[in-house]
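What follows draws every value from the coordinates through simple rules; no lab data is involved. A quick note: this is a predicted structure, and the numbers were derived from the prediction, not measured. Here the Cβ is made from the backbone with ideal geometry for all residues, glycine too, and neighbour counts use every protein chain on show.
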């Protein structure tokens, strides 16, 4: 199946300490995610990945015996990541203003305006999700992640079921 | 999907890093571990350091360590164990 995968710079496989082989070449232990889990895994580069052999989903991650990069999604770059981080920062402020006086949300407000750099994108998304959880419980958190997925889909023109 | 509601803490990641590197965690635990790493540069760097340390230590021949260095290391390890705060001298 075709899925998405975030990597470090130069297709570095997060957590494994090595790089994906060049596009088209198989690697053991393929990892990816569906579009609706992408915000959890945000990193520097976004790729389409083909997964093969015992493909199964564990929470937010697709796992397979092997995987190979198909092509990079160039629309996800530092500019897009910075936009996403700032969008999440504004969302944190909205949530905290809507619940003025709630100490849990006020604590998030102090950090919100610092999210401007591409490197902050994953953390900004997570903090916005926890702010939504503080405001509306875990249902609110799930809705916030869905909003973030929507942002990524629209900005990067991602298909829910990715095509090669 | 918001990811795991109960994100692992940095302390929990540090405690689990050896099991993660040995492949001893369940798949669900691995995913929770990796979700934390995806947003925590500090823990991701710690994992890299552990992986590097294991790779280097695995290549070290015990006879390549001179006696004086060996004595200093043993002294530090014993002092570390004796210190309830876990500080090496």
Checklist entry - How far, in degrees from 0 to 90, does helix A:121-156 lean away from the longest principal axis of the Cα atoms of chain A, to the nearest 10? => result 50
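Going from the alpha-carbon gyration tensor of region B:10-82, what semi-axes, largest first and in whole Å, does one get by taking the root of 5 times each eigenvalue?
Values: eigenvalues 183, 40, 26 Å².
Its equivalent ellipsoid spans semi-axes of 30, 14, 11 Å.
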Checklist entry - Considering every residue in A:55-63, what mean count of other chain Cβ atoms within 10 Å of its Cβ is obtained? => result 4
Checklist entry - Kirkwood Rh, chain A, all Cα pairs: how many Å? => result 16.3
Checklist entry - Normalised by the number of residues in region A:105-145, what is the relative contact order in percent for Cα pairs under 8 Å and 6+ residues apart? => result 34
Item to check | log10 of Debye I(q)/I(0), alpha-carbon scatterers only, for region A:1-84 at 0.14, 0.26 Å⁻¹ | outcome: -0.41, -1.40
Checklist outcome for this item: Longest principal axis of chain A (C-alpha) makes with the long axis of helix A:78-98 (C-alpha) an angle, in degrees to the nearest 10, of 30
Checklist entry - Hey, how many Å between the Cα centroid of region A:1-64 and the Cα centroid of region A:108-139? => result 24
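Take every Cα pair under 8 Å in chain A that's 6+ residues apart, average their separations, divide by the length, and report that relative contact order as a whole percent.
Working: 322 pairs, mean separation 38.9, N = 164.
Once normalised by length, the contact order is 24 percent.
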Checklist entry - So how far apart, in nm, are the two label points at residue A:77 and residue B:24 if each is 7 Å from Cα heading toward Cβ? => result 4.6
Checklist entry - What is the mean number of Cβ atoms from other protein chains located within 10 Å of the Cβ atom of each residue in peptide B:27-38, rounded to a whole number? => result 5
